[in-house]
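First up is the structure itself, then whatever we jot down about it.
Coordinate-derived values only; no laboratory data. This structure is a prediction, so every number in the text was calculated from the model and none was measured. We place every Cβ from the backbone using ideal geometry, glycine too, and count neighbours over all the protein chains shown.
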Amino acid sequence: LLKMFDVVTIGSATADIFLSSTDLSENRRFLSIKKSSKNEISRSLISSGGGATNSAVTFSRLGFKSAVVAQMGTDPLSAYVIADLKKEKVSTSLIKSTPKHPTDFSIILVGQDGSRSILTQRGSIRLESRDIPWSKIKKCRWLYLTSLEGNLSLLEQLIGFAKENNISISFNPGNRELSQRRQLLPLLKHLDFLLLNRYEAEILSDRSHKEATFYPTLQQCAPLVAVTNGRHGAKILTPDNSYFMSIINHHPLDETGAGDAFGSAFVAALLSDQSITQALNWASQNSASVVGHFGAKEGILTLKEMKHASKT
């Protein structure tokens, strides 16, 4: 008997190493460190990362059965990621291990104001159609896609598969998908939810967010579009309406994972039959809590915490 998941997240699974140091020099444009110097780390954290694992943990903490589809190596870092996910009650049974390739990892330098600069080691592996356990994801309620390393033919297959099997589908494109804007745009109409930050939305719409046509253009992209704009809040767009929520946390500790926290909590609220307004509230509460903690997962809210936060 196939175990049914509520949500299957698809995309990247990495090991994330977060570092903060008072020896980092900071100005508006740079986080820098003196050449040939030895510096003290004031704060550090190692955890599983990547859009697929970050969002899967939100679904799990909010009471849903979640599983991750991703590729990793068979090195010690992969064992760390698997252990981290199991601790969060996220199924790792759909993760594909590839012995020839190392597990992707990121070093995340966090500034005193919560801003971060990321160094990522991306391997040569990307998810292909043969890596998707199609029969095992047939019975889920929602597919939550994060970056597919530019693999638009896989995106098209996943959208078709979701439609055939009556599964809702959302997508948070990465730079490699956005760089193929013309091929990407026609696929987005078939999504149930599209998640973008302001920068991604500008690339996709080919407009600056300051232009009057920015939001109307995005309203035509997908039935439900979220545009997060960092400390300027977030908007949810439907073809004929828009909803805005201003930022909740004005003193972020670390902005890593804010987008993953936002999008996954929004979808979790839809799975819980909440209204769009309440889903936007859940999304904003979750991302505010995440940026108030060090790392992308520490601050993810549980269902009890979410219910309490969205009442206040």
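Per-structure values
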read-out	value
Over 29 Å [Cα-Cα, region 167-312], rounded percent	13
Under the Debye formula (equal points on every Cα, no solvent term), log10 I(q)/I(0) of region 212-290 at q = 0.16 Å⁻¹	-0.56
Scattering curve values for the chain, log₁₀ I(q)/I(0), Debye with Cα scatterers, q = 0.06, 0.07, 0.09 Å⁻¹	-0.19, -0.25, -0.43
Descending semi-axes in Å of region 65-121, equivalent ellipsoid built from Cα gyration tensor	24, 16, 9
Region 119-191 shape via C-alpha gyration tensor axes, a/c threshold 1.5	oblate
Cut-off 10 Å between beta-carbons: net charge of the residues surrounding T53, Lys and Arg +1, Asp and Glu -1	-3
Percentage relative contact order, the chain, counting C-alpha pairs under 8 Å, at least six apart	17
Rounded to 5, the percent of DSSP beta bridges in the chain classed as antiparallel	50
Region 200-248: projected area of the alpha-carbon convex hull, averaged over directions, in nm²	3.2
Projected area, mean over directions - region 157-222, Cα convex hull, nm²	4.3
Mean Cα-pair separation over length for region 238-312, i.e. relative contact order, pairs under 8 Å, 6 or more apart, %	35
Three semi-axes of the equivalent ellipsoid, region 1-87, Cα gyration tensor, whole Å, largest first	34, 14, 11
Surrounding net charge for G114, when Lys and Arg each add one and Asp and Glu each subtract one, Cβ distance under 9 Å	-2
All aspartates and glutamates inside 13 Å of K210 as judged from Cα atoms, apart from same-chain residues fewer than 8 positions distant	E202
Cross-link reach list, aspartates and glutamates versus K86, counting only Cα pairs under 18 Å and skipping chain neighbours closer than eight places	D6, D16, D75, E298
Subset of K87/K307; K34/K297; K87/K139; K87/K136 violating a 27 Å alpha-carbon distance limit	K34/K297
Within the chain, longest stretch clear of exposed GluC sites (Glu not before Pro) (DSSP loop, no more than 15 other Cβ within 10 Å)	212-312
Distant-in-sequence amide H partners of E211 (H built 1.01 Å from N, under 5 Å)	none
